[in-house]
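Q: Pasting a structure here, questions to come.
The values are calculated or read from the model by the stated rules, or taken from the named source; none is laboratory data. In this text, all values refer to a predicted model and were calculated from it rather than measured experimentally. A quick note on method: Cβ atoms are made from the backbone with ideal geometry, for glycine too, and the neighbour counts reach across all protein chains shown.
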There are 4 protein chains.
Amino acid sequence: MCRWLAYAGTPIHLDELIYKPAHSLIDQSRHARLGVETTNGDGAGIGWYPDERYATTPEPEPAVFRAIGPAWSDRNLHELSRCVRSPLFFAHIRASTGAAVQQTNCHPFRHHNWLWMHNGAINGFSTVKRELAMAVDPALYADIEGSTDSELMFYLALSLGLEDDVPGAVERMIGLVESAAERHGVPDAMQMTVAVADGARLWAFRYSTERHSRSLFYSTDIDTLRALHPEIGVLRVVSPDTRLVVSEPLGDLTGAWNEVPECSYGLVQPGEDEMRSEMHPLTPVAP
Amino acid sequence: MCRWLAYAGTPIHLDELIYKPAHSLIDQSRHARLGVETTNGDGAGIGWYPDERYATTPEPEPAVFRAIGPAWSDRNLHELSRCVRSPLFFAHIRASTGAAVQQTNCHPFRHHNWLWMHNGAINGFSTVKRELAMAVDPALYADIEGSTDSELMFYLALSLGLEDDVPGAVERMIGLVESAAERHGVPDAMQMTVAVADGARLWAFRYSTERHSRSLFYSTDIDTLRALHPEIGVLRVVSPDTRLVVSEPLGDLTGAWNEVPECSYGLVQPGEDEMRSEMHPLTPVAP
Amino acid sequence: MCRWLAYAGTPIHLDELIYKPAHSLIDQSRHARLGVETTNGDGAGIGWYPDERYATTPEPEPAVFRAIGPAWSDRNLHELSRCVRSPLFFAHIRASTGAAVQQTNCHPFRHHNWLWMHNGAINGFSTVKRELAMAVDPALYADIEGSTDSELMFYLALSLGLEDDVPGAVERMIGLVESAAERHGVPDAMQMTVAVADGARLWAFRYSTERHSRSLFYSTDIDTLRALHPEIGVLRVVSPDTRLVVSEPLGDLTGAWNEVPECSYGLVQPGEDEMRSEMHPLTPVAP
Amino acid sequence: MCRWLAYAGTPIHLDELIYKPAHSLIDQSRHARLGVETTNGDGAGIGWYPDERYATTPEPEPAVFRAIGPAWSDRNLHELSRCVRSPLFFAHIRASTGAAVQQTNCHPFRHHNWLWMHNGAINGFSTVKRELAMAVDPALYADIEGSTDSELMFYLALSLGLEDDVPGAVERMIGLVESAAERHGVPDAMQMTVAVADGARLWAFRYSTERHSRSLFYSTDIDTLRALHPEIGVLRVVSPDTRLVVSEPLGDLTGAWNEVPECSYGLVQPGEDEMRSEMHPLTPVAP
């Protein structure tokens, strides 16, 4: 089932979000509140883009750390989170919906400069898996390393133009999955919250065929939060365009969290931000 | 924190208890009800004595399988449980109280023909650890492979005569631990349910310094259960001296489970059984 | 690259072959002599059929244990090998030819009552992988859990009639792989030694497109060995139809090992045995 | 048995030494040339001090990553090595001399700002282990997490004043070990190459009771190397005090490697460097 968080903004240490909050991702690995399972102990992963001020190459790939042990006991995850600082990163804790517990089934998935992570499932996946796999661009097929629906969704989106048009590709991917499921008599095909990043921008999607999607929240914009909570010092040092997107709120700070509406997506980018209450609708496009 | 189960009686496949019951040990690895934590995902282990009818050596050592992944996703554990049949076995799922997640910190612990497992903790363990380690028989010290209080308690008991007098050794071990804790100003030193087996007999202990011990139950004797539940076929094929001891009941069968009283222990052995409501009192013996 | 061994005959403990010989499989995990790599430390696995005399169900599935750590340090593998006795078993140590180190990429692979293991590789696998995956029976596609050529070969063979005609299916599988490789301009497509078992019989194959195959040996028949080596007691207690097939000899016993010829296969079954020097030729059948 | 490398100087990415050289540490994990074993696949670890220019706290602890899988297949190790840049770091690949394969038995070991790694063994360790453990400062005893001689040597050195006088503490530690071994009738007690760092300085030791120590080399000073090899560009961008200490040379560059003499130690520090051919003698100090 899974829980995840994505951050974009002023570079911070990963542990500020993964470990320190009252209901951090680590706490959610054992006591998730809004998910299908309270335990998310089938592996964890982080992906982070380097701090631009220290980058040594023009367009570096994001780095990824993935491990099959539960997040709460992963010392290496803790070490990394303490010493890595990043302006754009993903963190994910996994609860398997059937696929094996292995490193290649942990999120985030990476393809060149792209990161992808997912909470949810494709209903009746084993029934439609072959058809979906065959729809992946032949040039990309052999890059699929694991056996999850999550990774397959990523490769379908890549095949359907993710690198040029993220929302469009995701809409086409959903449409393809729902279409295949329908032909195989599988109801409620898609259940997903998804985060995508290319190194500069971050998209967050919330959608389900049954219109009852896994939880997803985004943080209130910094200026508003500063006014609401002058007592919180860190709000003064992060840039105004800093944003978090999370499966469930990391704490109880009043006014800090906003639900991403059903069947919609938002975009976070430096400066101009499109993550606000009137988000973009998500409309699947059948093949 | 942990949960465990011990079985003695007619040889059965391990999965009959570890996997099949409604509230099996596998279910308890994610949804324990009577423990400190609902999640017990810091490793798992089983120890089993061979089916005597097929034994190839006179007094074989029990076999042990221990792994650091959570029990719920351990395929090897499932495979073994399906194909191993044993008349006397231990199964344990771990929730660490501080010590590292590693195979040598999983239970059960083995020494020659002896098996030992534990739920609970020694309070202020890091404060008293050295003194306790020094009290272990020098000839045994280097056999200690892990860093848990559980394993150290086992080696203390071995040093204090476990192989000749199990209850006495456990009482002396508790006394030694409480005495050391007192000298270091540590309150409520001991918290434990412990199972011990030598290949023929099984002892179960429930004790805590604060007299508020971790949960422990034993199964009602078979003859009584048969009368209570004629509808349950398996009760007719197991021997009358068959007995289970569990951290928490594996299901809701009326009259099947009995709480082990505070500060007491019971003994299960072929034929004559000393596991009944008026159990033996457990009295720590200070050094 | 890998090394493996298969045994059929009088039930023995697995460790008699996996651990005890001078050049056991465990020794080969660090010091293989006839393979591409001396180190085979990318996981290990065993698959075994139960001892018929103790079977509890008519046609049980073989049990499988697979782990990602190197065989030489795997305590659970050692424990199991000590206590499992089987009349027909597989053991495999892995040296990856590219695919990730994960449990689902360890051999042997199992499908119902069938076991399969492989040493070698499909050349240019990423180039032909999609086409081969598409040729798998749609009803079986979703059962593929890993990313190895080895497992895909198994599923192709199953799709091509393995359950009815093992040699024929393997020949058709090789033909299909070579045909796809040729169309993609990949030379020397197939490199393989393969073992297959169904619970009663054991087939061993040795083949490569370039006619320079990975090493494979079978043991001399027991009667001949007994005459050659009257000093070896164990030869007197195993049945005359007992046979081993190995990637490389487990020791230096004179006259004990015979090379399986290039492009051939043999069959081991109770009583009538077809594993002898004039083995069956292996002729790929193009689709 | 193990192999290791230590680096001090201009900040570089870890993979420059761990992965890229012809006979990198990764190559040594399968094909070590000068060690007891060619395979060092019982875990790996790295410890690194942050790049001072980007440090966020005055005296930060070094970060440590340790994993039990073989280095050659560890994707996380590869990722980290690619993106971590450090002016002072340790890397170690393990070949166990008996102690279990677990994260707490991987090097480097850390205590506050100190790092320690070791190649070698204490002969007859199980015989002297208790006595040595009891010699550790009681305030430090419970910090020992693993079961290796290597870690125990570190804690003995800490107990004997490592934080104030590194060479003196190591000499006293060796003396204590040899003295205990002698009383227990164990010959050739100590076999070691050891690296120690405090965040600013790096010490390297080479010693064995039998005066036949594990291999250890240090790199020629940069100015000399530049003159010898004007063709190597990287030599022009690293500071003159840059130094490597390695179990075995990472490549065949003429004049680049110098053997650390038997029973001696050297010190690498910014500016003034004491790592040269006439190193300091190492004289054990008996207790």
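Q: In this structure, is residue C:109 at pLDDT 95 or above, under 18 Å from residue C:50 (Cα atoms) and within 14 Å of chain A (Cβ to nearest Cβ)?
A: yes
Q: If you don't mind, there's one more thing I want to ask. Please go through segment B:91-113 and pick out each residue that is surrounded by fewer than 24 Cβ atoms within 10 Å (Cβ to Cβ) and at negative phi.
A: As a first pass, look at segment B:91-113 and keep what is surrounded by fewer than 24 Cβ atoms within 10 Å (Cβ to Cβ): B:95-101, B:103, B:110-113.
Of everything in segment B:91-113, those that are surrounded by fewer than 24 Cβ atoms within 10 Å (Cβ to Cβ) and at negative phi turn out to be B:95, B:96, B:97, B:99, B:100, B:101, B:103, B:110, B:111, B:113.
Q: Would you mind stating whether residue C:211 is surrounded by fewer than 22 Cβ atoms within 10 Å (Cβ to Cβ) and under 22 Å from residue C:37 (Cα atoms)?
A: Against the criterion (surrounded by fewer than 22 Cβ atoms within 10 Å (Cβ to Cβ) and under 22 Å from residue C:37 (Cα atoms)), residue C:211 qualifies.
Q: In segment A:129-153, which residues are touching a strand residue (DSSP E or B) at 6+ places or on another chain (Cβ under 6 Å) and hydroxyl-bearing (Ser, Thr, Tyr)?
A: Answer for segment A:129-153, where residues must be touching a strand residue (DSSP E or B) at 6+ places or on another chain (Cβ under 6 Å) and hydroxyl-bearing (Ser, Thr, Tyr): just A:150.
Q: Enumerate the pairs (first residue in segment B:27-54 and within 9 Å of another protein chain (Cβ to nearest Cβ); second residue anywhere and among the aromatic types (Phe, Trp, Tyr) and assigned to a strand (DSSP E or B)) with beta-carbon separation below 8 Å, excluding pairs fewer than 6 apart on the same chain, so at least 6 apart or on different chains.
A: Close Cβ pairs satisfying both conditions: B:48/B:89; B:48/B:90.
Q: Residues being within 25 Å of residue B:156 (Cβ to Cβ), at pLDDT below 90 and surrounded by fewer than 16 Cβ atoms within 10 Å (Cβ to Cβ): count how many of those fall in segment B:270-287.
A: Residues meeting the conditions: 1.
Q: Let me ask something else. Out of everything in segment D:228-254 that is at pLDDT 90 or above and not in a loop (DSSP other than H, G, I, E, B), what residue ends up being surrounded by the fewest Cβ atoms within 10 Å (Cβ to Cβ)?
A: D:244
Q: Now a separate question. For segment A:60-74, indicate whether the set of residues that are more than 10 Å from every other protein chain (Cβ to nearest Cβ) and not hydrophobic (A, V, I, L, M, F, W, C) is non-empty.
A: no
Okay, residues lined up against (1) more than 10 Å from chain C (Cβ to nearest Cβ); (2) more than 17 Å from residue A:62 (Cβ to Cβ); (3) in contact (Cβ under 8 Å) with a residue 12 or more places away in the chain:
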| site | (1), (2), (3) |
| --- | --- |
| A:92 | yes, no, yes |
| A:97 | yes, yes, yes |
| A:101 | no, yes, yes |
| A:129 | no, yes, yes |
| A:133 | no, yes, yes |
| A:152 | yes, yes, yes |
| A:158 | yes, no, yes |
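Q: Something else: Scan segment B:199-213 and report the pairs whose first residue is over 20 Å from residue B:162 (Cβ atoms) and whose second residue is of a type in the set (Val, Ile, Thr), with Cβ atoms within less than 7 Å and a gap of 6+ or a chain change.
A: As it stands, the answer is B:213/B:193, since those pairs meet every condition given.
Q: State whether the residues of segment B:76-90 include one that is touching a Pro at 6+ places or on another chain (Cβ under 6 Å), more than 11 Å from every other protein chain (Cβ to nearest Cβ) and either surrounded by 20 or more Cβ atoms within 10 Å (Cβ to Cβ) or polar (S, T, N, Q) (or both).
A: yes
Q: Let me ask something additional. Taking segment D:190-202, which residues are surrounded by 24 or more Cβ atoms within 10 Å (Cβ to Cβ) and either among the small types (Gly, Ala, Ser) or touching a Pro at 6+ places or on another chain (Cβ under 7 Å) (or both)?
A: D:195, D:197, listed by residue number.
Q: Kindly evaluate residue D:267 against the criterion of being within 19 Å of residue D:8 (Cα to Cα), modelled with pLDDT under 90 and in contact with a His (Cβ under 9 Å, 6 or more places away or on another chain).
A: When the stated conditions are applied, residue D:267 does not pass them.
Q: Checking the conditions here, which among B:12, B:18, B:46, B:26 is among the hydrophobic types (A, V, I, L, M, F, W, C) and surrounded by fewer than 20 Cβ atoms within 10 Å (Cβ to Cβ)? Even if it seems obvious, please write down each step before you answer.
A: Working: B:18 fails: surrounded by fewer than 20 Cβ atoms within 10 Å (Cβ to Cβ); B:46 fails: surrounded by fewer than 20 Cβ atoms within 10 Å (Cβ to Cβ); B:26 fails: surrounded by fewer than 20 Cβ atoms within 10 Å (Cβ to Cβ).
None of the other options fit; the residue is B:12.
Q: Which one is surrounded by the most Cβ atoms within 10 Å (Cβ to Cβ), of the residues in segment A:138-156 that are outside any helix (DSSP H, G or I) and not charged (D, E, K, R)?
A: If we take residues in segment A:138-156 being outside any helix (DSSP H, G or I) and not charged (D, E, K, R), then A:148 is surrounded by the most Cβ atoms within 10 Å (Cβ to Cβ).
Q: Pull up segment D:157-175, narrow it to residues that are farther than 12 Å from residue D:283 by Cα and more than 16 Å from the chain's Cα centre (by Cα), then point me to the one that is surrounded by the fewest Cβ atoms within 10 Å (Cβ to Cβ).
A: D:164
Q: Of the residues A:234, A:194, A:186, only one is within 19 Å of residue A:158 (Cα to Cα) and of a type in the set (A, V, I, L, M); which? Write out each step before concluding.
A: Working: A:234 fails: within 19 Å of residue A:158 (Cα to Cα); A:186 fails: within 19 Å of residue A:158 (Cα to Cα).
Checking each option against the conditions leaves just A:194.
Q: Is it the case that some residue within segment A:169-183 is part of a helix (DSSP H, G or I), under 28 Å from residue C:105 (Cβ atoms) and touching a residue at least 40 places away in the same chain (Cβ under 8 Å)?
A: Yes.
Q: Please enumerate the residues belonging to segment B:198-214 that are more than 12 Å from the chain's Cα centre (by Cα) and either part of a strand (DSSP E or B) or small (Gly, Ala, Ser) (or both).
A: B:199, B:200, B:207, B:208, B:213
One line per residue, one yes/no per condition, for (1) touching a helix residue (DSSP H, G or I) at 6+ places or on another chain (Cβ under 6 Å); (2) over 22 Å from residue A:137 (Cβ atoms):
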site: C:129; (1), (2): no, no
site: C:160; (1), (2): yes, yes
site: C:165; (1), (2): no, yes
site: C:177; (1), (2): no, yes
site: C:181; (1), (2): yes, no
site: C:206; (1), (2): no, yes
